[in-house]
Amino acid sequence: TTSQPAGIYVYFVMRWSVSGSRDIERLEYLVKGLDSSLLIDGDAAELMVNTAALEGRDWLGANMHVDAQQAASLQDSCRADLEERFREFAAAQKREDSDRIRLMVRSLEHHLENKKRKPHDLIARYTASGDAKRMRMIPAERGRLKKETQRVEGRIAELRLKEDLKAHDSAVSGGVIRVI
């Protein structure tokens with residue numbers, strides 16, 4: 001059972017999906033009172049809709065007790081509110097994602113610079129030694145350096161591809177709930 005006051009409510013549920021450096025998918029619920037200005041969102045709205053779905057019964061006479069135009073208008077209002085919230089959510093995720101990618105790229109670049117130091121130092125030492133045995137080790141060091149550079153640059157390229165955050169919202173469910 002929910003702790004909502006008795007009355008008739010209109011609800012709308014949307015799926016929000018964003019894909020970038022990480023994927024996020026969630027359901028958002030919004031409930032509005034048909035005969036009051038009560039607005040319920042977040043966890044309370046989710047609880048109310050899910051409780052009605054699990055414990056409620058079909059309301060066969062709903063069309064005799066509910067003004068269909070008013071219910072449809074209120075449902076459109078719920079959808080518009082959720083769409084506006086989605087735009088704000090997607091914009092915030094885009095900013096957060098951009099910051100996350102920038103930080104990850106900087107970290108990888110720093111990692112690569114640190115990894116380059118040792119092979120560069122070894123190559124310089126081998127070259128300065130003039131020792132033929134050590135000089136033969138230079139191609140192997142260059143190969144390791146090249147492999148690490150390609151690996152890190154590949155990872156950076158993957159991250160850059162994810163910079164273009166993709167956001168999508170879609171309707172999942174809507175309807176009328178009567179709490180008695």
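Within the range 88-112, take every residue that is of a type in the set (D, E, K, R) and exposed (fewer than 12 other Cβ atoms within 10 Å of the Cβ) and give me the one that is nearest to Met14 (Cα to Cα). Reasoning before the result, please.
Start the filter on the range 88-112 by keeping residues that are of a type in the set (D, E, K, R), which leaves 88, 94-97, 99-100, 102, 106, 109.
Restricting the remaining residues to those that are exposed (fewer than 12 other Cβ atoms within 10 Å of the Cβ) gives 88, 95, 99, 106.
Values: Glu88: 15, Arg95: 22, Asp99: 27, Arg106: 36 Å.
Across the range 88-112, the extreme among qualifying residues is Glu88.
When the residues of the range 47-65 are filtered to those that are exposed (fewer than 11 other Cβ atoms within 10 Å of the Cβ) and part of a helix (DSSP H, G or I), which remaining residue is modelled with the lowest pLDDT? Before you say what the answer is, go through the steps one by one.
Restricting attention to the range 47-65, the residues satisfying the condition of being exposed (fewer than 11 other Cβ atoms within 10 Å of the Cβ) are 54-55, 57-58, 60-61, 64.
Within this subset, residues satisfying the condition of being part of a helix (DSSP H, G or I) are 54-55, 64.
On the way: Leu54: 94, Glu55: 93, Met64: 90.
Among them, the one singled out is Met64.
Tell me which residues, restricted to the range 113-123, are surrounded by 11 or more Cβ atoms within 10 Å (Cβ to Cβ) and free of Cβ contacts under 8 Å to residues at least 24 places away in the same chain.
If we filter the range 113-123 for residues that are surrounded by 11 or more Cβ atoms within 10 Å (Cβ to Cβ), which is where we start, we get 115-116, 118-123.
Residues satisfying the conditions are Lys118, Asp121, Leu122, Ile123.
Filter the range 66-91 for residues that are of a type outside the set (S, T, N, Q), over 23 Å from the mean Cα position of the chain (by Cα) and in a helix (DSSP H, G or I) and give the result.
Ala68, Ala71, Ala72, Leu74, Asp76
Scan the range 6-43 for residues that are buried (at least 20 other Cβ atoms within 10 Å of the Cβ), under 25 Å from the mean Cα position of the chain (by Cα) and among the aliphatic types (A, V, I, L, M) and jot them down.
Val13, Met14, Val18, Leu30, Val31, Ile40
Among the listed residues Arg22, Arg26, which satisfies the condition of being in contact with a strand residue (DSSP E or B) (Cβ under 7 Å, 6 or more places away or on another chain) and under 30 Å from Arg102 (Cβ atoms)?
So the residue among Arg22, Arg26 that is in contact with a strand residue (DSSP E or B) (Cβ under 7 Å, 6 or more places away or on another chain) and under 30 Å from Arg102 (Cβ atoms) is Arg26.
The values are calculated or read from the model by the stated rules, or taken from the named source; none is laboratory data. This structure is a prediction, so every number in the text was calculated from the model and none was measured. FYI the Cβ positions are ideal-geometry reconstructions off the backbone, even for glycines, and counts take in every protein chain you see.
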